[in-house]
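Enquirer: I have a structure here, written as structure tokens, and I will follow up with some questions on it.
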Number of protein chains: 2
Amino acid sequence: MTEKTTDASVTLAVSTVIFALRPDRPTDLPSLWLPLVRRIRPPYDGQWALPGGPLRADEDLEASAARTLAATTALTPSYLEQLYAFGTLDRSPLERITAKALGLTERVVSIVYWALVNPDQVVQSGNASENVAWFSVDDLPDLAFDHDVIVEYALWRLRNKVEYSRIAHAFLGDTFTLAELREVHEAVLGRSLDPANFRRQIESANAVVPTGKRVTGTSYRPPKLYRYNQAIEPIDRGPLPGARQPLPAARKLES
Amino acid sequence: MTEKTTDASVTLAVSTVIFALRPDRPTDLPSLWLPLVRRIRPPYDGQWALPGGPLRADEDLEASAARTLAATTALTPSYLEQLYAFGTLDRSPLERITAKALGLTERVVSIVYWALVNPDQVVQSGNASENVAWFSVDDLPDLAFDHDVIVEYALWRLRNKVEYSRIAHAFLGDTFTLAELREVHEAVLGRSLDPANFRRQIESANAVVPTGKRVTGTSYRPPKLYRYNQAIEPIDRGPLPGARQPLPAARKLES
């Protein structure tokens, strides 16, 4: 694996793109948001960046991502997956120059995770720090380093996965109406979907099953409540260790 | 991105899983093979491992993978993609103990790439070193570190991709018969496919187009030659930098 140690000027960091759904004003429909951290030292002092930090020697990669997430948002993710390792030499030319001037490490390789959190949790928890703020993915500020590229790639991954997996579940409660499920898909994809087509697709995929209950309320015909078909894995991560239990792994943080 | 440097006891390495097709004896049908490197120092002295090594400070991740590949096999990959970063604390307990005894770095995080090479190239090039050997994926030796887990995951990724992308192209020449294409799919998937079903699927996917030519030979009805439909991207890597040109990036090595 290695004959000599890596050049000491390479730093290994772990960062996390955290997606949540929040109601948009004034429509009250859900849309995609993510938290950013304002940097309080150079390089990119004062600019917004993805939450993250250097990997600790005694820490798993996924544990590092979950720790960052907890420190930033006080949240436990309902989904957490490795996205990509970003390590090109030109990912932050400014950083290299500034770093040299400041006598800091020149090069950072970032292993990036992406996470989904439940919107109810977001409302309850607020932010963990005054230097953390949530932004709509449609209205992001200029980001430090190459974090704009990372966010774009994370959005692409999320939008791909929501179409062929049970990923939307992370944004919903245990039971939901088909309209709520469609609104999640619309928020993730950033476009509206035909309700009748959506219902047909969902029903033919056998991904959700009726609970036999309806929304409690005053309307004449309250909508039916559904739940996800537990027989279908939320997402296929293949033979990776712990791959069949993404949720328990993420929940380790709760203890 | 980082407030302090990573603990110096974390080494960042880049390894590559390289797949090629070679004729199996005695059937002469293609099957999947990969090259391994025999370790010549502890830990795991004498055992087989994936080709790789520590990341150089002045080197892109992908360039590091391509360099390793060239040094191991003297080949230019026809496909090269990041697979996953492996960094759990328990990925090589033996390594940690041995490393301590030897005064080496305790922990290695490996960013792993996977590559496909053309079988004609393999025959021409042979191996770059006497410590390199090719193995059938169905008959691998015990591997050093957690490299068995890495190979299993790479195989899973390859098998998934061959079903929904043009990935088999990397194993074929510019033109090929449908039987040759099917044999590649069979070799990758490790099971036989019904020829008529395969033909229907391939034709309905519009992934290959007839060249109008036939195999040159003596048979009464020589099979038609096809080529891939160039209008379809070989694989969708999304908005990653350089994602639309995986081949030119890999070919940089030739200069």
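Enquirer: How would you classify segment B:163-205 from its alpha-carbon gyration tensor, with a ≥ b ≥ c the square roots of the eigenvalues: rounded for a/c under 1.5, else prolate if a/b is greater than b/c, otherwise oblate?
Expert: Rounded, because the longest to shortest axis ratio a/c is under 1.5.
Enquirer: So, one more: Can you list residues from other chains, or at least 5 along the same chain, whose modelled amide H is less than 5 Å from the amide H of A:L143?
Expert: A:D148
Enquirer: What nm distance separates the two modelled labels at A:N197 and B:D58, each placed 7 Å from Cα along Cα→Cβ?
Expert: 5.4
Enquirer: Got a sec to turn the phi values of segment B:29-42 into Karplus ³J(HN,Hα) couplings, 6.51 cos²θ - 1.76 cosθ + 1.60 with θ = phi - 60°, whole Hz, x for Gly and Pro?
Expert: 7, x, 9, 7, 10, 9, x, 10, 10, 7, 6, 10, 7, x
Enquirer: So, one more: Report, by chain and number, residues whose modeled amide H sits under 5 Å from the one on B:D60, excluding near sequence neighbours (fewer than 5 apart, same chain).
Expert: A:L89
Enquirer: Which residues' amide hydrogens lie under 5 Å from the amide hydrogen of B:L225, considering only partners 5 or more residues apart or on another chain, with H built in the peptide plane?
Expert: Hits under the 5 Å cutoff: B:T211, B:G212, B:K213, B:R214, B:V215.
Enquirer: Could you compute the FRET efficiency for B:A179 and A:Y164, with r as their C-beta to C-beta distance and R0 at 25 Å, rounded to 0.05?
Expert: That gives a FRET efficiency of 0.25.
Enquirer: Also, I was wondering about something else. If you plug each phi of segment B:82-87 into the Karplus form 6.51 cos²θ - 1.76 cosθ + 1.60 with θ = phi - 60°, what whole-Hz ³J(HN,Hα) values come out, in order, with x for Gly and Pro?
Expert: Using θ = phi - 60°, the values come out as 5, 9, 4, 9, 9, x Hz.
Enquirer: What is the average number of partner chain Cβ atoms found within 10 Å of a Cβ in A:82-91?
Expert: If you average over the peptide's residues, the count of other-chain Cβ atoms is 6.
Enquirer: Take the alpha carbon gyration tensor of segment A:166-237, find the square roots of its eigenvalues, order them as a ≥ b ≥ c, and report rounded if a/c is under 1.5; if not, report prolate when a/b exceeds b/c, else oblate.
Expert: Taking the square roots of the gyration eigenvalues as a ≥ b ≥ c, segment A:166-237 is oblate.
Enquirer: For segment B:193-198, what does the Karplus curve 6.51 cos²θ - 1.76 cosθ + 1.60, with θ = phi - 60°, yield as ³J(HN,Hα) per residue in whole Hz, taken in order and with x for Gly and Pro?
Expert: So the J values, rounded to whole Hz, are 10, 5, x, 5, 4, 4.
Enquirer: Give me the one-decimal nm value for the distance between modelled label points at B:D142 and A:R25, 7 Å along each residue's Cα-to-Cβ direction.
Expert: According to this spin-label approximation, the distance is 6.5 nm.
Enquirer: Any chance you could check segment A:32-59 for residues losing 30 Å² or more of accessible area when the partner protein chains are in, compared with the chain on its own (1.4 Å probe)?
Expert: A:R39, A:R41, A:P54, A:L55, A:A57
Enquirer: Report the full-extension gain for the segment A:V215 to A:W134: residue separation times 0.36 nm, less the Cα-Cα distance, to one decimal in nm.
Expert: 26.1 nm
Enquirer: So, one more: Label-point separation (nm) for B:L89 and B:R227, each offset 7 Å from Cα along Cα-to-Cβ?
Expert: Going from the B:L89 label point to the B:R227 one covers 5.6 nm.
Enquirer: Summing both sides, how much accessible area is buried between A and B? Use a 1.4 Å probe and give Å² to the nearest 100.
Expert: The summed interface area works out to 4500 Å².
The values are calculated or read from the model by the stated rules, or taken from the named source; none is laboratory data. None of these values were measured; they are calculated from a predicted model. Here Cβ is always computed from backbone atoms with ideal geometry, including for glycine, and neighbour counts include all displayed protein chains. Just the protein is used for accessible areas: all its heavy atoms, side chains included, with ligands, DNA and RNA removed. Shrake-Rupley method; radii C 1.70, N 1.55, O 1.52, S 1.80 Å.
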